[in-house]
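S.K.: Sending over a structure as structure tokens; questions will come in a sec.
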Amino acid sequence: MPDTILSVRDLDVWYGAARALYAASFEVREGEVVAIIGNNGAGKSTILKTVSGVQELGKTVHGEIEFLGTRVEHKPAHTLARMGLAHVPEGRRVFPQSSVEENLLLGGYRRRRNRSALQTDLADIYLRFPVLGRRRKQAAGLLSGGEQQMLAIGRALMAEPTFLLLDEPSLGLAPLVVADVFTIIRQLAAEGTTILLVEQLARMALEVADRAYVLDTGSITTTGPAAIVAADPRVQAAYLGA
Ligand code: ATP
């Protein structure tokens, strides 16, 4: 059995008096792609932001989050980043006025690597995403949505993460571009990258994932191997348009 990378137990999150998560428990093991699927507002981003230590005003967190064997529910995002967690937030959030290369370097500086190591890492990213290499001197804001999503993933990979969190990578992208983004996710998975993916586009997420959790208004209602979850008639009716 592979090692557990992330174990979340009974996670409750409130924003002020509004509850966003109800005793959510799930885990991610080394080398797995785990998908959390759910509708708009189900709490998917809340899970990722809470796991990666993003502080938000008015937010209260109860429960246990264990990352690489250490309890981290009260640790800040920069500590988790240093431990090897990289979070690609919803909506991509690249720096639009900075060049593609500057955006990538920001991901690498987190690990305080020296210049030649950073150049090697940049070359690796350009091999994986040739379009970023071709456009490396351009302002990131001029890239298409799909290219910005590649850049956001590339920036996260520059930190050489142990664990990659992807928040709704399909958001706002045309179907063909979504397919390209999922090809990248599939490649990362084939290389053994451990990934926690949250997605509203359940069909794509279940195709790429090893295991899945269904999140319904803040509660995990179903879990299992992704193929089994995808075959569940309730999941098909609610999330797969059957
Ligand atoms: P989406 O795909 O629309 O982002 P989601 O599944 O990621 O949906 P969340 O963004 O996690 O859902 O939101 C879960 C609930 O928490 C929603 O009711 C949302 O309005 C609420 N919420 C999220 N962030 C905040 C915040 N900073 N302050 C107050 N309420 C919030």
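Bear in mind these aren't lab numbers, they're just calculated from the coordinates by the rules spelled out. Since the model is a prediction, treat every value here as computed from it, not as a measurement. Note that we place each Cβ from the backbone using ideal geometry, even for glycine, and neighbour counts take in every protein chain shown.
S.K.: Could you grab me the full set of residues in region 209-236 that are more than 25 Å from Y15 (Cβ to Cβ), under 20 Å from the mean Cα position of the chain (by Cα) and among the small types (G, A, S)?
M.R.: Selection gives A209, A212, G224, A226.
S.K.: Same structure, new question: Give me a count of the residues in region 14-27 that are touching a helix residue (DSSP H, G or I) at 6+ places or on another chain (Cβ under 7 Å) and without any contact (Cβ under 8 Å) to a residue 60 or more places away in the chain.
M.R.: Matching residues across region 14-27 total 0.
S.K.: So E56 ticks every box in (1) near the ligand (Cβ under 8 Å from one of its atoms); (2) of a type outside the set (S, T, N, Q); (3) on the phi < 0 side of the Ramachandran plot; (4) surrounded by 14 or more Cβ atoms within 10 Å (Cβ to Cβ) but one. Which box is left unticked?
M.R.: Condition not satisfied by E56: (4).
S.K.: Another question about this same structure. Hey, can you tell me all the residues within region 180-233 that are free of Cβ contacts under 8 Å to residues at least 12 places away in the same chain and among the hydrophobic types (A, V, I, L, M, F, W, C)?
M.R.: Scanning region 180-233 gives A190, I228, A231.
S.K.: Right, next: Of (1) surrounded by fewer than 23 Cβ atoms within 10 Å (Cβ to Cβ); (2) among the hydrophobic types (A, V, I, L, M, F, W, C); (3) more than 24 Å from R186 (Cβ to Cβ), A140 satisfies all except one. Which?
M.R.: (1)
S.K.: Of the residues A227, A231, A238, A189, which is over 17 Å from M150 (Cβ atoms) and either in contact with a His (Cβ under 6 Å, 6 or more places away or on another chain) or surrounded by 16 or more Cβ atoms within 10 Å (Cβ to Cβ) (or both)?
M.R.: So the residue among A227, A231, A238, A189 that is over 17 Å from M150 (Cβ atoms) and either in contact with a His (Cβ under 6 Å, 6 or more places away or on another chain) or surrounded by 16 or more Cβ atoms within 10 Å (Cβ to Cβ) (or both) is A238.
S.K.: Looking only at region 84-106, which residues are touching a residue at least 40 places away in the same chain (Cβ under 8 Å), more than 16 Å from the ligand (Cβ to nearest atom) and surrounded by 16 or more Cβ atoms within 10 Å (Cβ to Cβ)?
M.R.: Once the filter is applied, which keeps residues that are touching a residue at least 40 places away in the same chain (Cβ under 8 Å), more than 16 Å from the ligand (Cβ to nearest atom) and surrounded by 16 or more Cβ atoms within 10 Å (Cβ to Cβ), region 84-106 yields G84, L85, A86, V94, S99, V100, N103, L104, L105.
S.K.: Next question. Would region 41-52 turn up any residue that is surrounded by fewer than 16 Cβ atoms within 10 Å (Cβ to Cβ), near the ligand (Cβ under 8 Å from one of its atoms) and within 20 Å of A202 (Cβ to Cβ)?
M.R.: Yes: region 41-52 contains one or more residues that are surrounded by fewer than 16 Cβ atoms within 10 Å (Cβ to Cβ), near the ligand (Cβ under 8 Å from one of its atoms) and within 20 Å of A202 (Cβ to Cβ).
S.K.: What residue, of L151, L173, L197, is farther than 17 Å from I37 by Cα, within 16 Å of the ligand (Cβ to nearest atom) and surrounded by 14 or more Cβ atoms within 10 Å (Cβ to Cβ)?
M.R.: From the options L151, L173, L197, the qualifying one is L173.
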